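One structure is given below, encoded as C-alpha cells.
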Amino acid sequence: MLRDIRELKDDPAAYANELRRRWTGLLSYRYIGRNHGSMNTGPVDNTVTLRRDMRNAAGGLLVAPLSISAPEGGVGSDLETVPNPVVHSCQILDGARDVRRIEVVESEVLHSGTRMGYSRSKIVDADDHGRVIAFVEGQGVRIGTVPEGLQKMEEDRLEIVDSPDLPPLWEAFGASRRDDGHWVLPELAVELASPDAALHIGPQHVLLETAAIDLAAGLAGTDLLQMQTWHVMFLARGKTGPFRVDGEAAHGTAGKVGVRLTLHDEGRDDRTVTSASAVFQTVTPAGDPA
C-alpha cells in the first residue's frame, strides 16, 4: 500500500521530500508533456505539443490529453492544499486535426470556498488563439492541509518523441482489455497515484475514454468517432485496484453515439470510484460529420 502524504503533515521536511518524489514520479503530466507553473520552477509554459498517440482513429484529438492538460478544480495546487477532484467537464469544439500545439488559457477560479472550489479554462491552438479547441470546467475539494514553506520543484518532463511506433496512451498508462471484455488498470502503483495515495485523474481519463471508444465503435460499427462531450464525476478515491470499467453505449440522432461508464475498485469490494459519460460524433476519414 502507498502511503498517504497527509500522514506526514506534522513533519515539513518529510512532507516536502515525499511530495517531490511523488510529483516527479507521477506519469500523467510528464507523459502528456504538461508543465504546471504552480508546481514547477522555470518559465511558465501552458502549451502541450500534440503527438500521434493523442489522436483518435479519425485523426482528431482524444479527450484525455485535454483533460489532463487542464484538470481544473479551483482549490489550489499541491503546494497549497491536498486537492481531490469532484467533477470534470470538457466540451470539444474542434477536433484539431491540423493543430500542432494546444495551449491552456484563461484559467480562472470561479469560486473558492472553505472546502470546495470551482474553476474553468479554455484550450486553444497555441499558434492561433482565435481557434478554440475546448472548454473545460471542474470542481474540487480540499481534503487536507500542507506544511508551510513548500517550494516549487524542477520540472521532470519526459521527452516523448513523436513516432508511428509510439504505443497508444492506454498501453503507456498500463491499461489492458481483459479476456472478459472489460478495460482495466492494474493494482495501484506509484506512477499512477496522487500524493494522497489514490488513483490519479490522468490514468482514469485514459482508461475511461479507451473503454468509451471501444463501446461506441462496437455499436456504431466504426471507430471513426470524435468525442464532443466528456463529463466525469469522481465519487470515491481509488485505493487498491485492479480497476475495472463497466459501460453501455446508445445511439443518438444525427450520427451521435452516447456512452456511460463506471469505474470500480475490485480490490475494495468492487467499490464504485468514478462515473463518466461521453457523446461522440461519427465522422468521415476527412473528419467531417458522417
message = Just to be sure before I move on: is residue 184 among the aliphatic types (A, V, I, L, M), in contact with a Pro (Cβ under 7 Å, 6 or more places away or on another chain) and not in a loop (DSSP other than H, G, I, E, B) in the structure I sent?
response = yes
inquiry  = Tell me yes or no: at least one residue of the stretch 37-48 is small (Gly, Ala, Ser), surrounded by fewer than 18 Cβ atoms within 10 Å (Cβ to Cβ) and closer than 20 Å to residue 204 by Cα.
reply    = no
key: Matching residues in the stretch 263-277 - criterion: being in contact with a strand residue (DSSP E or B) (Cβ under 6 Å, 6 or more places away or on another chain) and surrounded by fewer than 15 Cβ atoms within 10 Å (Cβ to Cβ)   = 270, 272
inquiry  = I'd like the full set of residues that are under 25 Å from residue 171 (Cβ atoms), part of a helix (DSSP H, G or I) and touching a helix residue (DSSP H, G or I) at 6+ places or on another chain (Cβ under 8 Å), limited to the stretch 1-23.
reply    = 22
query = Any idea which of (1) over 26 Å from residue 208 (Cβ atoms); (2) of a type outside the set (Phe, Trp, Tyr); (3) at pLDDT below 95 is the one residue 76 doesn't satisfy?
reply = (1)
request  = State whether the residues of the stretch 119-133 include one that is out of contact with any strand residue (DSSP E or B) (no Cβ under 6 Å at 6 or more places or on another chain) and closer than 25 Å to residue 40 by Cα.
outcome  = yes
task = Only residues in the stretch 6-30 that are surrounded by 15 or more Cβ atoms within 10 Å (Cβ to Cβ) count as the first member; pair them with residues that are among the small types (Gly, Ala, Ser), Cβ under 6 angstrom, at least 6 apart or cross-chain, and list the lot.
result = 6/144; 8/14; 28/202
message = For the stretch 205-254, give me the residue count where each residue is β-branched (Val, Ile, Thr) and either free of Cβ contacts under 8 Å to residues at least 24 places away in the same chain or assigned to a strand (DSSP E or B) (or both).
response = 4
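The values are calculated or read from the model by the stated rules, or taken from the named source; none is laboratory data. Predicted model only: the values in this text are computed from it and were never measured. Note: ideal-geometry Cβ built from the backbone for every residue, glycine included; neighbour counts use all protein chains shown.
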